[in-house]
């Protein structure tokens, strides 16, 4: 059965550079915020998401960020070509480099159209999600997809692209003894 999850490989040095970027850029750093649609405010719920996020911006002049988005552009084009998707796709303006301490992660089942990440107006145009593991984790740390019954082990550079809807409900399995870094965001259909 087709699962519509595809794998690509980012350069390992680029992964190291993105971790360094995360460690050095405090101006866009926040502690794992989610969104409460009832109060229309962001909140911190470490039972759901335990992370430290650094926003990166599509169109940044930073060499490392530009290199990542160039790699990502080629990867999504391969995905689009494989599935003969119509229209144009571009990344959201903001993506996140996320650091999970030992035991951290996005632990609950979710999909990228749920409103725990941002308001409804932002999620409506999401079509695909991407995630790159920036380091290898040996002690658990997988990304588990509910309906596909598949887990992906974090390996440095492994990049996944998949659809955003409920069909691809997933969660992060915490790595109890290791740190984990990923970069993640969405492609919008324009």
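If you go through region 68-89 and keep only what is closer than 13 Å to residue 129 by Cα and either touching a strand residue (DSSP E or B) at 6+ places or on another chain (Cβ under 6 Å) or buried (at least 17 other Cβ atoms within 10 Å of the Cβ) (or both), you end up with 72, 75, 76, 79, 80, 89.
For region 127-137, a residue qualifies if it is closer than 18 Å to residue 9 by Cα and outside any loop (DSSP other than H, G, I, E, B), and the qualifying residues are 128, 129, 130, 131, 132, 133. Among the residues of this structure, residue 65 does not count as one that is in contact with a strand residue (DSSP E or B) (Cβ under 8 Å, 6 or more places away or on another chain), in contact (Cβ under 8 Å) with a residue 12 or more places away in the chain and outside any helix (DSSP H, G or I). Within region 94-123, being assigned to a strand (DSSP E or B), surrounded by 18 or more Cβ atoms within 10 Å (Cβ to Cβ) and either in contact with a strand residue (DSSP E or B) (Cβ under 6 Å, 6 or more places away or on another chain) or modelled with pLDDT of 90 or more (or both) holds for 95, 96, 97, 98, 99, 100, 105, 106.
With respect to residue 90, is the statement that it is assigned to a strand (DSSP E or B), over 21 Å from residue 21 (Cβ atoms) and touching a residue at least 12 places away in the same chain (Cβ under 8 Å) true? Answer is yes for this residue. The combined condition, being assigned to a loop (DSSP other than H, G, I, E, B), in contact with a helix residue (DSSP H, G or I) (Cβ under 6 Å, 6 or more places away or on another chain) and either in contact (Cβ under 8 Å) with a residue 24 or more places away in the chain or more than 26 Å from residue 12 (Cβ to Cβ) (or both), is not fulfilled by residue 140. On the stretch given as region 143-190, residues that are in a loop (DSSP other than H, G, I, E, B) and farther than 21 Å from residue 76 by Cβ total 12.
The values are calculated or read from the model by the stated rules, or taken from the named source; none is laboratory data. Quantities reported herein were computed from a predicted structural model and do not represent experimental measurements. Here the Cβ is made from the backbone with ideal geometry for all residues, glycine too, and neighbour counts use every protein chain on show.
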